[in-house]
1. Given the options Phe141, Phe81, name the one that is buried (at least 18 other Cβ atoms within 10 Å of the Cβ), assigned to a loop (DSSP other than H, G, I, E, B) and touching a helix residue (DSSP H, G or I) at 6+ places or on another chain (Cβ under 7 Å).
2. Inspect all residues belonging to the range 285-300 and state whether any of them is under 21 Å from the mean Cα position of the chain (by Cα), more than 19 Å from Phe75 (Cβ to Cβ) and open to solvent by 40 Å² or more (accessible area, probe 1.4 Å).
3. I want to confirm something. Restricting to the range 21-54 and keeping residues that are open to solvent by 20 Å² or more (accessible area, probe 1.4 Å) and assigned to a loop (DSSP other than H, G, I, E, B), which single residue is nearest to His86 (Cα to Cα)?
4. Would you kindly identify the strands (runs of 3 or more DSSP E) lying entirely within the range 518-575 that contain at least 1 residues that are open to solvent by 50 Å² or more (accessible area, probe 1.4 Å) and either touching a helix residue (DSSP H, G or I) at 6+ places or on another chain (Cβ under 7 Å) or modelled with pLDDT of 95 or more (or both)?
5. How about the range 623-654: which of its residues are part of a loop (DSSP other than H, G, I, E, B) and surrounded by fewer than 21 Cβ atoms within 10 Å (Cβ to Cβ)?
6. Give me a count of the residues in the range 283-310 that are outside any loop (DSSP other than H, G, I, E, B), of a type in the set (A, V, I, L, M) and touching a Ser or Thr at 6+ places or on another chain (Cβ under 7 Å).
7. How many residues does the range 407-434 hold that are within 30 Å of Thr657 (Cβ to Cβ), without any contact (Cβ under 8 Å) to a residue 60 or more places away in the chain and of a type in the set (A, V, I, L, M, F, W, C)?
8. Give all pairs with beta carbons closer than 8 Å in which a residue from the range 513-529 that is closer than 12 Å to Pro557 by Cα and touching a residue at least 12 places away in the same chain (Cβ under 8 Å) meets a residue that is assigned to a loop (DSSP other than H, G, I, E, B) and open to solvent by less than 20 Å² (accessible area, probe 1.4 Å); count only pairs at least 6 apart in sequence or on separate chains.
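The values are calculated or read from the model by the stated rules, or taken from the named source; none is laboratory data. The structure displayed is predicted, hence computed values, not measured ones. Heads up, the Cβs are rebuilt from the backbone with ideal geometry, glycines too, and the neighbour counts pull from every protein chain shown. To get the accessible areas, we keep the full protein, side chains included, count just its heavy atoms, and leave off ligands, DNA and RNA. Shrake-Rupley method; radii C 1.70, N 1.55, O 1.52, S 1.80 Å.
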Amino acid sequence: MASKILNLSLSSLPPQSTMVSSSVLGFPRIGANREVKKAVEAYWAGKISADDLTKAAAEVKKASWTNVKAKGVDFVPSGEFSLYDHVLDHSAAFNVIPKRYVGLGLSPLDVYFAMGRGRQSEGVDVPASEMKKWFDSNYHFVVPEFSDETDFKLNFNKAVEEFKEAQAAGITTRPVVLGPVSFLVLGKASKDAKPGFQPISLLPKLIPIYETLLADLKVAGAEWVQVDEPILVLDTAANLESQFASAYAALSKVAPKILLTTYFARLESNVNYIAKLPISGLHIDLDRAPEQLDSVVAAIKPTNIVLSLGVVSGRNIWKTDFEHAIKLGQKAIDALGADRVIIATSSSLLHTPVTLASENKLTAEQKDWFSFALEKAGEVATIAAVLSGSQDAAVTAALEENKASIAKRRAFEKNSDDAVRKRLSAVTEDQYHRKSPFAVRKEIQAKHLNLPKFPTTTIGSFPQTKEIRQARAKLGKGEITTEQYEEFIKKEIELVVRFQEKIGIDLLVHGEPERNDMVQYFGEQLQGFVFTQNGWVQSYGSRYVRPPIIVSDVSRPAPMTVKWSSYAQSLTSKPMKGMLTGPVTILNWSFPRADVSRELQSKQLALALRDEVVDLEKAGISAIQVDEPAIREGLPLRRSDWDAYLKWAVDSFKLATAGVTDQLQTHSHFCYSDFDDIFPSIQRLDADVISIEASKSDMKLLNTFKQYGYSNQIGPGVYDIHSPRVPGSQEIKDRLKAMLEILPDSLLFVNPDCGLKTRGWKETEASLVNLVEGAKWARENYA
C-alpha cells in the first residue's frame, strides 16, 4: 500500500465509501491587512468607539470563516478569535478577574484590556497581568489568577455568540473552547490565595460553568466542539488522569460531540487514559510528533473515537509534502476506517501569516516553497479529498503541482555553502569558553567600565516613533536617499544618547532607531534568509512580528551593527552597549529550515554573530548584549528531550560570545521564562550580566537565583514595559528593596523588564527618570 501511495496516483488509492473530513483548528485573528491591530490601537487612542471595534472584528471573523470554507474545509473553527488573547478571553468569560481590576468604574471591555496591558488614566492605575509564552511558541498568553475565593460564572458565552455569528453568515462552524484542565493548570495562584493552594483544586467548581457553556452550544445547533487540552503533551499531565476523567464524564453528558485537541508534542503514555474518556474525537500533532501515530491508533482502535491527524503544520510556512501526509492518513484509515479519520492542521494557524497571495516581492521559486494559513486550509482539503478517492480534476492538478514543488525544493536543499559547513566542523572546544572565569573578568571590567554601584541601563531599544517608521518607509519607497535616511538616524541616536546622559543612565544604548525588528534586522544582513511583505504573526495583544525565513546556510557577509554603535560611542564618554540578538532567538523567532537540524542552523548563526561581537570590541565597544529571550521558549515540551536541546542552545550562545577579551562585558536578556528547571544551563551561559523579566511575575524568579546561588551579575526588571503605565519612584524603590533581600548588592543592575520599542517617549522619559531615582536611593541606603 505504501508504495502505491507514494506514487501519488489517485487511482492507486483504495476507493472509500465514506469521505475523509478536513479540519482547521484555528485561524490567524489579525486580518489580512492587520485590521484588528489598527482597530484595537485606534480604540485605545480614543479614535473609535467600542461599537466600531466590534464591527471591525466582525468583518475579520466573517472573512476568515468565508475564506476557509471556500477552500473546501469541512470543519471551520469559530470562537478562537480574540482582540488581545484567547486565554484572557476565557478568564473574562469565566469571571476570573483579579480584584485589582474590579470596582474601577470601567466597562467590561476596558477591564479586559486593563488585564492585558494595564491602565493609567482617569484616576485608574493598575498594572497588567503576567504574560507567559504559549508552550514553545513566540505567542504570549495572559496568565489566569486563581484563589480559593474565585467565583466562577459565565459572564458571556463567546463560543455560542460566534457560532451564531457564523451561522448568520451562512457558515456552520465547529466552536473552539480552551479545556477546563488546561485553563486551571496554565494559571497561577493569586497573591491572596492560601499557602499551598493549587488552581487545579478548583475543577469541581469550574465544571458546572463549562456544562452550561457546552449545553448552550448544543442547543444552538453545534454538532461538534473542539476542546483544547494542550497540557496533555506535557509530562505533568501523567498525574491528572482522575481530573480528566471526572471533568469529561460530566461534560460529555451535556456537550456536543467533543474533539479533545492536543498539539505541539506527543502524548506518550497519557494516551492510555485519554482513550478511556467519553469523547467523540481526539486530535494529535503529526507535524511535531509523527512517531506517535502507531501508539495512538493502537490505544483508540477498540473505541469509537475519531482520530484527527495534524499533518499540515500550524507552526511553519513550508508547503506540506502531500506524499508524506497521505501516507500517514492512509495508515490511520487502514487501521480505523475512513469514517474515523479527519485530516487537519497540526495546531491553530495562529502562528502563521494569513495568506501568501499578498506577497509580491518573493521570487517565483521562493513563493513556490511556501504555504501560509489560507493556503494550508486548501492543503488539508486536498489531502482529505485524495484520501477519499476523489477523481476531481482540480484535486489531481493540486497533487501534481505539489509533487513538482516539493521536488524543486528538495533539489535546492542539496546546495550548501561549503565554507560555512567547513568552518562549523572545525570549531574547537576552546572556542566555546571565555579566556578567564567570571571572578577574574569582573574585576577587570570594573576597572575598565568604572560603573557605580547599582548601575543603570536599559535593555536596548527606545521608542520607535511614527517619524522613525515614516523615514524607513520613505527610504523603502525611494522617496529619500540613503544619505538622508542615515542623517535622520544619526539625529535619533544623538537624541537617545543625550537623554540618557541628562537623566543619569550609567551604561548607555544607542536606541536602535535603524532597526525594524530585533530578528528581521539581522536576517536582512545575513546570507540564507528571505523576507515577506505581509507575513505578520501575532506575538501578544496588538504586537505583531514578521518572522524571517531561513532557506539556506547562514553567514555574515559584512559587519551589521558596528557602524551605528561606533557612532553612538563617539557622542559620549560614557560606555556604550552594543546590541545583538542571539543565535537561538534568531532561530526560534524565524521560520527555520525543515531539512536540516535546528542545532546546525543555530551554530551557523552563532559563528556569524561571533564575528560581529569581535568586530564591535575592536571598534571600541566595551559592553555587548546578546539577547536570548527565546532560549527557554525553545525548550522541548517533553523533559526527556531537554538535555540535547540545552547542550546545543547554550553552546550556540557561548560560541557567539566567547571570542572577546576579558575586559569586554557580555550581557544577555531573557523575558517571560520559568528558569527553575533549566537554571544550571543559565549558569553555563557564563554571561557577565543577565537581565530578566521580574515585575510581571512578582519577582518570583529571583528566589530561583537565590536557591541556586547565581554568582554573576543580574538585572531583574524593575518595571513592566509592555504596559503604558508609568511606575512611581516609590514602586521602583520597593522592588529594589525586595530584590536586595534576595540578591547580593554587588551583583545588581537596575533596568526595565524589556526593550522600549513599543512605548511612547512621554511614558519612557517618566519611567526612566523614576528608575534612575530608584538606583540613587539604593546607593544611598545600601552603601
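1. Phe81
2. Yes, there is a match, as at least one residue in the range 285-300 is under 21 Å from the mean Cα position of the chain (by Cα), more than 19 Å from Phe75 (Cβ to Cβ) and open to solvent by 40 Å² or more (accessible area, probe 1.4 Å).
3. Arg34
4. 527-530
5. Pro636, Leu637, Arg638
6. Going through the range 283-310 one residue at a time, the tally reaches 2.
7. Number of matching residues: 1.
8. What qualifies is Phe522/Met560; Gly523/Pro548; Gly523/Ser590; Glu524/Pro548; Gln525/Met560; Leu526/Met560.
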